[in-house]
1. If we keep just the residues of the stretch 258-284 that are in contact (Cβ under 8 Å) with a residue 24 or more places away in the chain and assigned to a loop (DSSP other than H, G, I, E, B), which is farthest from Y319 (Cα to Cα)?
2. Residues to consider are S152, S109; find the one that is at pLDDT below 80 and within 25 Å of the chain's Cα centre (by Cα).
3. Being exposed (fewer than 11 other Cβ atoms within 10 Å of the Cβ) and at pLDDT below 90 is true for just one of L248, L272. Which residue is that?
4. Please tell me if A214 is modelled with pLDDT of 85 or more, outside the structural domain of Y319 (by TED's automatic domain parsing) and among the hydrophobic types (A, V, I, L, M, F, W, C).
5. Free of Cβ contacts under 8 Å to residues at least 24 places away in the same chain and within 30 Å of E129 (Cβ to Cβ) - does that describe any residue in the stretch 246-253?
6. Report, by residue number, each residue of the stretch 199-209 that is surrounded by fewer than 15 Cβ atoms within 10 Å (Cβ to Cβ) and either of a type in the set (V, I, T) or modelled with pLDDT of 80 or more (or both).
7. Does T73 fit the bill of being exposed (fewer than 15 other Cβ atoms within 10 Å of the Cβ) and at pLDDT 85 or above?
8. Name the residues in the stretch 138-154 that are closer than 23 Å to N192 by Cβ and part of a loop (DSSP other than H, G, I, E, B), would you?
Amino acid sequence: MRTLFVLLISVIALAVEAQIPVSGRVTLSPGNDAAIGVTVMVQGTTTGTVTNYDGYYSISVPDKNAVLIFSYTGYASQEITVGDVQVVDVVMTESVSQLNEVVVTGYGSQKRSNISGSVSTVNAEEIAEKPILRVEQALQGRTAGVQVAQVSGSPGSALTVRVRGVGTINNSDPLYIVDGIPVDGLDFLNPNDIESINVLKDAASSAIYGSRGANGVVLISTKGGKRNQAGSISYEMYYGIQRPARLLDLLTASEYAVLQNGAYVAAGKTPLPEFANPEAMGEGTDWQEAIFQNAPIASHQLTFAGGGEKSAYTLSGNYFSQDGIVGGDKANFSRATVRFNGSHDLKSWLTLGNNLGFTWLQERWID
């Protein structure tokens, strides 16, 4: 028994001696400020600790192959193997996926959670979900409190947008800002070139624009490429046929004559001679089928995008064509656009960029 007791004590002593003390300091990037309360865990165990007020920690690991996991809210977790060192310093970097969404407002940017009632956002992924002709159509059904209505069925016709209802006299349209430039309309803009749309609905978020923002402000940012992105070429197209979703169920010529005769008799009048033999009038002409036509709609988009460590660019070209369901190709809207957005960092404090766009429009109406 004495021998077993000695062996047990020796094993416990060896186990205690096998523990390796590890310490270090955790800081936050950028600024190298002390990270307070960072969780430090030994992978696969329940052993852990947190950093103190100055960012320092101390922990014991079983061997040099142990892995320390550093985690902190809003920052990317890191896994570091201890190895032969006993001092492990860590710099925590921000995790974009864990940050609140930031939207653009008149004065700069704010957290989406703080202004969700006054700003609505539509991103490029939502715009790409369905083919649209005009930018205003991207706001339909996606922005709470914003009314978008189609006032004409002509190809390429503008839509009315009401952000804050009918406010000012004669014109209740919102102020449109495209890449920081006020514009009068959105005919020239290709929806495929849009990165995001922010609608500023209340007076506080649009105050910087003064009286021009009385009816709300629509901020539009176009795609400008991304840093450290390999060059890419993409081509997108769609083709479709338009026709009325539902036609009215009309009377034939014979049925119409029967009803007219009954109306005249009920009114005490003699039926008209031309309605004397309703059966002879036959089916007549379905004027809906005669007027409405199958109208094609098509879009072609070619995009070049890429960027390096100090520059980014996007070059896109688009051709869109839509015929009317009344008049066919005599009522046509065609648009061709070319846009080049680029930026380059000359210095850490100086960036040069350009937003260049060319648009060709053609609208034909029924004579």
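The values are calculated or read from the model by the stated rules, or taken from the named source; none is laboratory data. Bear in mind the structure is a predicted one, so any value in this text is a computation, not a measurement. Cβ atoms come from the backbone with ideal geometry, glycine included; neighbour counts cover every protein chain shown.
1. Among them, the one singled out is G282.
2. Matching residue, one of S152, S109: S109.
3. L248
4. It is false that A214 is modelled with pLDDT of 85 or more, outside the structural domain of Y319 (by TED's automatic domain parsing) and among the hydrophobic types (A, V, I, L, M, F, W, C).
5. Yes - at least one qualifying residue is present in the stretch 246-253.
6. I208
7. Criteria not met by T73.
8. Q140, G141, R142, T143, V146, S154
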